[in-house]
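These notes are about the structure you will find just below.
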Amino acid sequence: MTIEQSAPESQSSAARFAVKVDLVVIGAGQAGLSSAYHLHRLGFAPDRDFVVLDRAPAPGGAWQFRWPSLTLATVNRVHDLPGMRFDEIVGTESETVQASVAVPRYYAAYEERYDLRVHRPVKVSVVCDRGERLRVETDAGAFSARGIVNATGTWETPYIPEYPGADSFRGRQLHTRDYRTADAFRGQHVVVVGGGISAIQLLDEISQATTTTWVTRREPQFREGPFTEEFGRRIVAMVEDRVRQGLPPGSVASNTGSLPLTPAVRAMRERGALNRLPMFSEITETGIRWADGTEQRADVILWCTGFRSSLDHLAPLQLREEGGGITMTGRLATQVARDPRIHLVGYGPSASTIGANRAGGAAAPELTQYLEMSPAEIRSSG
């Protein structure tokens with residue numbers, strides 16, 4: 001199967017015609033590649049029994065867009081995809097290698113080894129219910145599928161909270177995903193907003209290049225020693241319980257409630273970079289203002305406030321509950337209760353590299369069993 005971008009003049013005909021497949025995997029990051037691998041292992045053939053669509057221009061998922069100073073030494077562990085070790089491709093002495101280089105190299109090798117045939121760049125615009133099938137509209141044409149594994153992650157949906165006066169600010173407002181290098185801020189005052197690991201990492205770099213103000217909604221808590229696997233499992237279980245109840249999951253990271261007290265964090269504390277202030281109440285033309293009238297001039301506001309799941313293309317399916325969450329079911333909470341033909345991997349408890357691997361391994365057999373599909377049945381009916 002060859003997927004090509006539709007020319008503008010052919011959009012009307014493309015809208016009427018849909019390529020008929022049985023399964024569509026949307027997204028080729030960790031969760032999407034894991035799902036495709038497990039479908040392949042079950043006997044389903046890429047481009048014959050299922051297609052994998054990815055909006056990024058190259059392999060690597062969101063990793064290819066990370067800032068240059070994020071190396072393998074500073075990221076949370078990159079877990080192996082099923083069937084191929086990470087260090088097999090990038091080596092064991094690679095801590096100084098940029099994550100935006102190493103991980104895409106690994107993903108590209110993985111796609112090639114298992115012949116996963118990812119189609120890119122293909123942007124999925126909307127998924128609609130068509131009775132026994134789901135119609136997947138993309139900028140490269142439409143697909144008609146019996147089931148979907150959605151692995152779109154969060155990178156395309158940065159979250160910036162609304163604050164009074166934001167539109168009046170004369171400086172720059174950036175999000176974590178916009179960050180490249182601290183050198184870009186030399187001579188400017190930067191307000192770093194957020195209390196997560198990314199906020200701490202960027203605050204560390206920027207505060208060594210220029211003056212900063214750090215604000216968080218809650219008083220940050222720091223934890224001695226590394227996060228243990230047992231602690232991680234408890235956090236994932238908390239998030240899983242939320243999505244099984246149909247509540248918004250938050251992120252696995254935001255549910256930890258504390259940050260690791262690393263040598264870098266200790267050094268930041270010693271040089272005064274961890275002087276945290278509470279959240280401001282409004283944004284002014286020249287900076288920020290707290291409720292007591294105190295003001296801080298600023299040239300840049302850097303929002304390290306996380307991401308939301310990129311699920312807008314699924315909106316017509318009305319999967320969300322009144323509170324905004326999606327009720328999940330299945331062994332690892334990847335199956336959508338309102339429409340079991342759809343699995344969300346990389347959502348809720350699987351929004352981590354290790355969780356994404358496990359989710360792909362659960363979603364592939366659960367979806368095909370629910371649809372009572374086997375490769376032989378697909379080919380005989382096709």
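So the values come out like this:
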{"item": "Degrees between helix 353-370 axis and first principal axis of the chain (Cα, 0 to 90, nearest 10)", "result": "30"}
{"item": "Degrees, to the nearest 10: 99-113 long Cα axis against longest axis of the chain", "result": "10"}
{"item": "Degrees separating the helix 30-41 axis from the principal Cα axis of the chain, which is the longest one", "result": "20"}
{"item": "Sparse-neighbourhood loop sites, trypsin sites (Lys or Arg not before Pro) in the stretch 140-184 - DSSP loop, at most 10 other Cβ within 10 angstrom", "result": "R170"}
{"item": "Residue-averaged [θ]222 nm for the chain, counting only DSSP H segments that reach four residues, each worth -39500 (n - 2.57)", "result": "-7500 deg cm²/dmol"}
{"item": "Segment R48-S258, length gained on full extension (0.36 nm per residue, minus Cα span)", "result": "71.0 nm"}
{"item": "Taking the C-alpha atoms of the chain, convex hull volume expressed per residue in Å³", "result": "156"}
{"item": "Cβ-based exposure ranking for M268, M84, in which fewest neighbours within 10 Å come first", "result": "M84, M268"}
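Throughout, read-outs are computed from the coordinates displayed, never taken from laboratory work. These numbers were taken from a predicted model, which means no experiment stands behind them. We place every Cβ from the backbone using ideal geometry, glycine too, and count neighbours over all the protein chains shown.
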